[in-house]
Each structure stands twice: as C-alpha cells, then as structure tokens.
Amino acid sequence: LFTQLALHRWEMQIIRTENFLVSQTDEALLKEIAPGKNRIIYLLGHLIAVNDAMITLLGLGERSYAHLDETFIKNPDKSGLEMPEASVLRSDWKKSNAQLSALFNQLPPKEWFAKHTAMTEEDFVKTPTRNRLNVLLNRTGHVAYHLGQMVLAK
C-alpha cells in the first residue's frame, strides 16, 4: 500500500508537469521563473537529469541522460554551456519518464524498503528510513517544487 501510494503521487506530479510543458510554447520555456533566476527550460533539463540519476541511485541500471549533468546539475542556468533545443528536452522528458515508470513498476514492493546505492550497510542499519522509497518521495517533492516555480513564471 505504501509503495502504491508513493508511486501514484510520483505519477501525478509527472503528469501535472507534462501537462504544463505541453501547454507552453518553446518561446515560453525561455521565460525566467523570477527576474535573474532560472528559466523554465533550465528547470526542465534539471528535472530530466536529476530524475535520471535515480536509476543508479536505486540500483536499477545505467542512466540514459548523464550527459545533461554538466549543464543542468553542475552549472547554473546561463552559464554559457550549450543547451539542447526545447524540442529535444521535451522528447527526453517523455522518454525518461517512460523509462522510470517501467523500472519502478518492475520493482517488487518489498524492494522499495531496501537501501539505495549511496548508503553503506552500516548507515542503513542506523537509519533504515533512508531507503529507495524515501528517494522516490524526495524526488516527487523535487518535481512538485520546480513545477510550482514554472507555473508561477507563466
């Protein structure tokens, strides 16, 4: 039940973000969330990269979008690094979420309460709540936070 609830919340945030993104033109994605702050397109690339990192963090395989880390995780918006076109990021958003959904749905419920790859066995014994499900809950909140920023920028 807990994992079903968490997966449902994840899917709802992904759907809400997708609905927002399809309602925006490529030009609208260039808008800053606040004067001098990140642009919506940057947040889109950031979400793809951060969500993609869950694959290795949860021990579910190899990442598909690690190439986005330099631009969207390690550096701020407008850093001068080349950024993919909006159409490419939109496509990557859909593909990455389909991949994550498939991986998440293959994971047996009990496995969500296992440690993630950034935890040592010793640390996990001390803090078993820092598990795979906790990562999913954290990333769900992360998507919701940035979606709120995007909506306010609109």
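The values are calculated or read from the model by the stated rules, or taken from the named source; none is laboratory data. If you're wondering where the values come from, they're calculated on a predicted model, not measured in any experiment. Note that each Cβ is placed from the backbone with ideal geometry, even for glycine, and that neighbours are counted across all protein chains shown. Ligands, DNA and RNA are excluded from the accessible area calculation, which covers all protein heavy atoms including side chains. Shrake-Rupley method; radii C 1.70, N 1.55, O 1.52, S 1.80 Å.
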query: Among the residues of the range 102-153, how many are open to solvent by 80 Å² or more (accessible area, probe 1.4 Å) and among the small types (Gly, Ala, Ser)?
result: 0
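Residues are listed down the side, and each one gets a yes or a no for (1) modelled with pLDDT of 95 or more; (2) of a type in the set (Ser, Thr, Tyr); (3) within 16 Å of Thr56 (Cβ to Cβ):
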residue	(1), (2), (3)
Glu85	yes, no, no
Trp93	yes, no, no
Ala98	yes, no, no
Leu103	yes, no, yes
Lys126	yes, no, no
Thr140	yes, yes, no
Ala144	yes, no, no
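Tell me, which residue of the range 29-63 that is within 16 Å of Leu103 (Cβ to Cβ) and among the β-branched types (Val, Ile, Thr) is most open to solvent (accessible area, probe 1.4 Å)?
Thr56
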- prompt: Is it the case that some residue within the range 92-99 is farther than 16 Å from Tyr145 by Cβ and free of Cβ contacts under 8 Å to residues at least 40 places away in the same chain?
  reply: yes
statement: Counting only residues in the range 12-25 that are in a helix (DSSP H, G or I) and open to solvent by 60 Å² or more (accessible area, probe 1.4 Å), the one nearest to Gln149 (Cα to Cα) is identified as Arg16
Selection within the range 26-37 - in a helix (DSSP H, G or I) and out of contact with any strand residue (DSSP E or B) (no Cβ under 9 Å at 6 or more places or on another chain): Ala28
